[in-house]
Amino acid sequence: MVILEPDFKDKLETAVREQAVSELMGPNGPVLKAIEQSHEKLDASDYNTDSVKDSLVEPIVEEKGNRVTITWGWTHEAADYFERGTSFHRIDGDPVLSFVWEDPPSWVREEFDQARSSGGQFSSGWRVFFSNVHVSGIDEIRYTRFGLEWLRRELQK
């Protein structure tokens, strides 16, 4: 007959939980790969989403009782808009909006200068300045849900 230590169950649960976290969060673990999947989904859009990707809050692991919770997210103010999309709306400058318009209509090319890099070289697009703009909205990219669905499928394998 085998006699187990009184705290065997607690030690076993702790060891299993620590191993699970280690495998989930490892350099090749599914959590980091799920984040990569989300970023690839953002990259596949027609938008420059680098600032959203750069706002990633690294995963935080919380252990409570026999539960492990891993949370991460993106803090950029546009992150939710890329996730859920937007309808037609107006954006006001504070006090002005300035951006490079890659392929503007002819009136923009006549009114504004071609954009330049920090070294003074011409780049594609025109640097524009507006007090406000009306935009048609953006399609929902669903990058967060895409990464979570990918993770769910991986964990079910």
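Only the coordinates and a few stated rules stand behind these numbers; no lab work does. Predicted model only: the values in this text are computed from it and were never measured. All Cβ positions, glycine included, derive from the backbone under ideal geometry; neighbour counts span all protein chains shown.
One table, with the values for the structure above:
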{"quantity": "Per-pair calculated FRET efficiency, R0 = 22 Å: Thr69 and Asp7 via Cβ, rounded to 0.05", "calculated": "0.35"}
{"quantity": "Contour minus Cα-Cα distance for Asp54 and Thr86 (0.36 nm per residue)", "calculated": "9.4 nm"}
{"quantity": "Centroid-to-centroid separation of region 61-98 and region 31-56 [C-alpha atoms, Å]", "calculated": "12 Å"}
{"quantity": "Most mobile of Asp94, Asp54, Asp46 in a GNM of the chain (Cα contacts under 10 Å)", "calculated": "Asp94"}
{"quantity": "For region 51-106: relative contact order, % (alpha-carbon pairs under 8 angstrom, 6 or more apart)", "calculated": "27 percent"}
{"quantity": "Potential lengthening between Ser45 and Arg109 on full extension [0.36 nm per residue; Cα-Cα distance subtracted]", "calculated": "20.5 nm"}
{"quantity": "The chain - convex hull of the alpha-carbon atoms, volume per residue in Å³", "calculated": "174 Å³"}
{"quantity": "Over the chain: helical MRE at 222 nm, DSSP H runs n ≥ 4 each giving -39500 (n - 2.57), nearest 500", "calculated": "-12000 deg cm²/dmol"}
{"quantity": "Within a Gaussian network of the chain (alpha carbon springs, distance under 10 Å), most fluctuating of Val133, Val61, Val96", "calculated": "Val96"}
{"quantity": "Vicinal HN-Hα couplings computed from phi for region 30-38 (Karplus, 6.51 cos²θ - 1.76 cosθ + 1.60; Hz; Gly/Pro x)", "calculated": "x, 5, 5, 5, 5, 5, 4, 4, 4"}
{"quantity": "Within a Gaussian network of the chain (alpha carbon springs, distance under 10 Å), most fluctuating of Lys53, Lys11, Lys41", "calculated": "Lys11"}
{"quantity": "Selection of GluC sites (Glu not before Pro), region 41-104, meeting DSSP coil and at most 13 other Cβ within 10 Å", "calculated": "Glu77, Glu102"}
{"quantity": "Estimated distance in nm for a label pair at Ser118 and Val133, the labels positioned 7 Å out from Cα along Cα-to-Cβ", "calculated": "2.2 nm"}
